[in-house]
Amino acid sequence: MVTSILRPTVYDPVRSVSTGIFGITCASRAAMLATFLVSGLMHELIYYYLSRVSPTWEVTWFFVLHGVCTAVEVAVKKVMIRRGWRLHPVVSGLLTLTFLAVSGNWLFFPQLVRNGVDRKAIREYAILVNFVRSKLPVNLVNSL
């Protein structure tokens, strides 16, 4: 869903406008960075909606960092493929997951935890579960 929204509204226009200025390679990277920046700003808005606390911009920096690293990854992979060398998918996957876990715990999750959004979400899920249980037939509820 995010790709289907951000590609036509951010990536494609930025790439199209920048291609004449920077060339196709740099335009693609600029479009990628712009897309990650917009995604970060959208997440800041969602965090504000959830917490009603002024933005700290940690989430935006999380996405900017991921945009820069994705642009670097694409460039490095293209060079390495031309030289006939590829990183094993398991190694690549573990590196990606490690980077995501470290950067997420550093920049993405602290604002949610600091403002109690995690506790609010758990309480709301408990309310939802109780509501659904109240609508189920008695014999089905007793078996749960």
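The values are calculated or read from the model by the stated rules, or taken from the named source; none is laboratory data. It should be emphasised that the depicted structure is a prediction, and the values quoted were computed from it without experimental measurement. Because the Cβ atoms are built from the backbone with ideal geometry, glycine has one as well, and the counts that use them run over all protein chains shown. Heads up: the accessible areas ignore ligands, DNA and RNA and are worked out on the full protein's heavy atoms, side chains in. Shrake-Rupley method; radii C 1.70, N 1.55, O 1.52, S 1.80 Å.
General observations
- Site pair residue 82 and residue 129 shows an inter-label distance of 5.4 nm when each label is modelled 7 Å from Cα along Cα→Cβ.
- Residue 46 versus residue 4: modelled label distance in nm, points set 7 Å from Cα along the beta carbon direction: 1.6
- Ordering 35, 80, 47 by Cα displacement along the dipole of segment 20-136 toward the positive end leaves 80 in first place; charges were set at the Cβ atoms of Lys, Arg (+1) and Asp, Glu (-1).
- A 1.4 Å probe over all protein chains sorts 43, 88, 66 by accessible area into 88, 43, 66, starting with the largest.
- Difference of contour (0.36 nm per residue) and Cα-Cα distance, residue 95 to residue 68: 8.1 nm
- In a simple Cβ point-charge model (Lys, Arg +1; Asp, Glu -1; nothing else charged), the chain has a dipole of about 280 debye relative to its Cα centre.
- Note on residue 77: no aspartates and glutamates have a C-alpha under 12 Å away, same-chain residues under 8 apart excluded.
- Shape class of segment 1-127 from the Cα gyration tensor (axes a ≥ b ≥ c, square roots of the eigenvalues): oblate, since a/c reaches 1.5 or more and a/b does not exceed b/c.
- Applying 1/(1 + (r/R0)^6) with r as the Cβ-Cβ distance of residue 37 and residue 118 and R0 = 25 angstrom yields a FRET efficiency of 0.45.
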